[in-house]
Amino acid sequence: MERLRIVMLGLSITSSWGNGHATTYRGLVRELVKRGHDVLFLERDVPWYADNRDLPRPPFGRTVLYDSVKSLRKRYTRTVREADLVIVGSYVPDGVAVGDWVLAEARGVRAFYDIDTPVTLAKLARGEHEYLEPAQIARYDLYLSFTGGPTLRRLEREFKSPCARALYCSFDPGLYFPQSHRIEWDLGYMGTYSADRQPKLDELLVKPARRWRAGRFAIAGPQYPHHLRWPANVEYTPHLAPKEHRAFYNRQRYALNITRADMVAAGWSPSVRLFEAAACATPIISDCWAGIDTLFEPGREILLATSVDDVLQVLRDVTDAERVSIGRRARERVLAEHTAAHRARELESHACNLLDRANAA
């Protein structure tokens, strides 16, 4: 395999505080470097992440912080021109300007990596173009999407993307695996506060906690409003660094997965927490959305719930032997299909196919 020169411009790789982008980029860059590629990650230096960096100097590839689009142009135009693959991610500050610069200067494959595809498309429908303009989609050679299924066809038909491909989130098997821990909670949930997710969190965790006082529950994630009052049997933690995620999953009987409304509407939008929990062999109770059955087999590898009664039936009635079996089967599935190494190979394949096609033209 030919060594690729890759430039990525993403929201953050140095801080996982309040975003799921960092862990995705970390795994992808690490595995690309392992495969022999040269990767430069460019991150806008903003106060929020500067004050909350849990990996200030990633030990893979090269990470550089920049302070403005002007400085990007001044320092990295030549690098972008010489790269085989340049990727601009969703939610990059001044992403439209960054994208225009990449589209004008890059000579290799120009890709947009949308870690928030349904949210992005909903924003475009409202006329909000903070990091992507509709016209740019047709100009990017490759649209990489956290969402698969019909959304890919929509990107190609409606927005004229020349090549839309799924590049789902992933997990690192070296970080997420089963461990012996004392079980502290019957059901745990990890995720940043989102107003559109909160009703499901109330239905699938808070209400079960209120109805089953003997049960033990946990919620971890930042930005929850101070006025929220959790039941006494719900333990709340404002933030867990990635190094603490494995222990969190391994200390619960079940992990709860809840999906944002835009992603439920689009379907085929797994979250990174889904794969991380499965990798720890922690059985998952998830909300329902189209495409989830293409990732896990319901009833054997994952359990689906729509109501408080569904959750309580699982927590109270499923035997420990079956619970363990569900978690084991889910772990086998993600190890076979959803590691960061799988994503690096997929990205490499997409880029090389487009480079070969350009060279043959």
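The values are calculated or read from the model by the stated rules, or taken from the named source; none is laboratory data. Computed from a predicted model, the values in this text were never measured in an experiment. A quick note on method: Cβ atoms are made from the backbone with ideal geometry, for glycine too, and the neighbour counts reach across all protein chains shown.
Of all residues being aliphatic (A, V, I, L, M) and crowded, with 24+ Cβ neighbours inside 10 Å in the stretch 273-283, which is nearest to residue 240 (Cα to Cα)? Just the residue, please. Spell out the reasoning first.
If we filter the stretch 273-283 for residues that are aliphatic (A, V, I, L, M), which is where we start, we get 274, 277-279, 281.
So of that shortlist, the ones also crowded, with 24+ Cβ neighbours inside 10 Å come out as 274, 277-279.
Numbers: 274: 16, 277: 14, 278: 18, 279: 18 Å.
Per the criteria, the residue is 277.
Quick check on the stretch 334-361: of everything there that is polar (S, T, N, Q) and at pLDDT 95 or above, which residue is farthest from residue 170 (Cα to Cα)?
353
Out of (1) more than 20 Å from residue 240 (Cβ to Cβ); (2) in the same structural domain as residue 271 (by TED's automatic domain parsing); (3) outside any loop (DSSP other than H, G, I, E, B), what's the single condition that is false for residue 152?
Here residue 152 clears every test but (2).
Consider residue 290 carefully, then state whether it is in a loop (DSSP other than H, G, I, E, B), among the hydrophobic types (A, V, I, L, M, F, W, C), modelled with pLDDT of 95 or more and within 25 Å of residue 236 (Cα to Cα).
no
Out of all the residues in the stretch 121-140, which are more than 22 Å from the chain's Cα centre (by Cα) and surrounded by 18 or more Cβ atoms within 10 Å (Cβ to Cβ)?
Of everything in the stretch 121-140, just one residue is more than 22 Å from the chain's Cα centre (by Cα) and surrounded by 18 or more Cβ atoms within 10 Å (Cβ to Cβ), namely 136.
Within the group 303, 335, which residue is surrounded by fewer than 19 Cβ atoms within 10 Å (Cβ to Cβ) and not β-branched (Val, Ile, Thr)? Before you say what the answer is, go through the steps one by one.
Details: 303 fails: surrounded by fewer than 19 Cβ atoms within 10 Å (Cβ to Cβ).
Of the residues listed, the single one that is surrounded by fewer than 19 Cβ atoms within 10 Å (Cβ to Cβ) and not β-branched (Val, Ile, Thr) is 335.
Suppose we filter 4, 32 for residues that are among the hydrophobic types (A, V, I, L, M, F, W, C), more than 20 Å from the chain's Cα centre (by Cα) and more than 22 Å from residue 97 (Cα to Cα); which single one remains? Don't jump to the end; show me each part of the working.
Numbers: 32 fails: more than 20 Å from the chain's Cα centre (by Cα).
Exactly one of 4, 32 is among the hydrophobic types (A, V, I, L, M, F, W, C), more than 20 Å from the chain's Cα centre (by Cα) and more than 22 Å from residue 97 (Cα to Cα), namely 4.
Is one or more of the residues making up the stretch 126-140 touching a strand residue (DSSP E or B) at 6+ places or on another chain (Cβ under 7 Å), assigned to a loop (DSSP other than H, G, I, E, B) and within 20 Å of residue 32 (Cα to Cα)?
no
How many of the residues making up the stretch 129-155 are without any contact (Cβ under 8 Å) to a residue 40 or more places away in the chain, among the small types (Gly, Ala, Ser) and over 19 Å from residue 351 (Cα atoms)?
So the answer is 1.
Do you know which residues across the stretch 191-213 are without any contact (Cβ under 8 Å) to a residue 60 or more places away in the chain and more than 22 Å from the chain's Cα centre (by Cα)?
First pass over the stretch 191-213, keeping only residues without any contact (Cβ under 8 Å) to a residue 60 or more places away in the chain: 193, 195, 198-199, 201-202, 206, 209-210, 213.
Passing the criteria: 202, 206, 209, 210, 213.
Residue 351 versus (1) surrounded by fewer than 21 Cβ atoms within 10 Å (Cβ to Cβ); (2) touching a residue at least 24 places away in the same chain (Cβ under 8 Å); (3) under 30 Å from residue 84 (Cβ atoms); (4) more than 18 Å from the chain's Cα centre (by Cα): which is the lone unmet condition?
Only one criterion is unmet by residue 351, namely (1).
Return a yes/no flag: does the stretch 168-189 have any residue that is among the β-branched types (Val, Ile, Thr) and surrounded by fewer than 17 Cβ atoms within 10 Å (Cβ to Cβ).
Start the filter on the stretch 168-189 by keeping residues that are among the β-branched types (Val, Ile, Thr), which leaves 183.
Among the residues that remain, those that are also surrounded by fewer than 17 Cβ atoms within 10 Å (Cβ to Cβ) are: 183.
There is at least one residue in the stretch 168-189 that is among the β-branched types (Val, Ile, Thr) and surrounded by fewer than 17 Cβ atoms within 10 Å (Cβ to Cβ).
If the requirement is being surrounded by fewer than 17 Cβ atoms within 10 Å (Cβ to Cβ), under 21 Å from the mean Cα position of the chain (by Cα) and not polar (S, T, N, Q), which of these qualifies: 345, 328, 316? Give the derivation first.
On the way: 328 fails: under 21 Å from the mean Cα position of the chain (by Cα); 316 fails: under 21 Å from the mean Cα position of the chain (by Cα).
None of the others qualify; the one that does is 345.
Assuming residue 277 fulfils every condition listed in (1) touching a strand residue (DSSP E or B) at 6+ places or on another chain (Cβ under 6 Å); (2) aliphatic (A, V, I, L, M); (3) more than 16 Å from residue 24 (Cα to Cα) apart from one, which condition is it?
It fails just one condition, (3).
What's the number of the condition residue 16 fails, among (1) in contact with a Pro (Cβ under 6 Å, 6 or more places away or on another chain); (2) more than 25 Å from residue 266 (Cβ to Cβ)?
Among (1) in contact with a Pro (Cβ under 6 Å, 6 or more places away or on another chain); (2) more than 25 Å from residue 266 (Cβ to Cβ), the lone unmet condition for residue 16 is (2).
Wholly within the stretch 175-285, which helices (runs of 4 or more DSSP H) include no fewer than the required count, namely at least 1 residues that are within 18 Å of residue 23 (Cβ to Cβ)? Give the derivation first.
Values: elements: 198-201, 207-211, 242-250, 261-266, 272-279.
Filter on the stretch 175-285 gives 242-250, 261-266, 272-279.
Within the stretch 293-317, how many residues turn out to be in a helix (DSSP H, G or I) and either without any contact (Cβ under 8 Å) to a residue 24 or more places away in the chain or of a type outside the set (Val, Ile, Thr) (or both)?
8
For residue 118, state whether it is surrounded by fewer than 22 Cβ atoms within 10 Å (Cβ to Cβ) and farther than 18 Å from residue 354 by Cα. I'd like the intermediate steps shown before the answer.
On the way: surrounded by fewer than 22 Cβ atoms within 10 Å (Cβ to Cβ): no; farther than 18 Å from residue 354 by Cα: yes.
Criteria not met by residue 118.
Could we say that residue 274 is under 24 Å from residue 209 (Cα atoms), of a type outside the set (S, T, N, Q) and touching a Ser or Thr at 6+ places or on another chain (Cβ under 9 Å) here? Give the steps one after another, and end with the answer.
Values: under 24 Å from residue 209 (Cα atoms): yes; of a type outside the set (S, T, N, Q): yes; touching a Ser or Thr at 6+ places or on another chain (Cβ under 9 Å): yes.
So residue 274 passes the test.
Here's a check for you: in the stretch 156-174, which residue that is free of Cβ contacts under 8 Å to residues at least 60 places away in the same chain and outside any loop (DSSP other than H, G, I, E, B) is farthest from residue 330 (Cα to Cα)? Don't jump to the end; show me each part of the working.
At the first step, the residues of the stretch 156-174 found to be free of Cβ contacts under 8 Å to residues at least 60 places away in the same chain are 156-162, 164, 174.
Of the ones still in play, those that are also outside any loop (DSSP other than H, G, I, E, B) are 156-157, 164.
Numbers: 156: 32, 157: 34, 164: 28 Å.
Out of the qualifying residues, it is 157.
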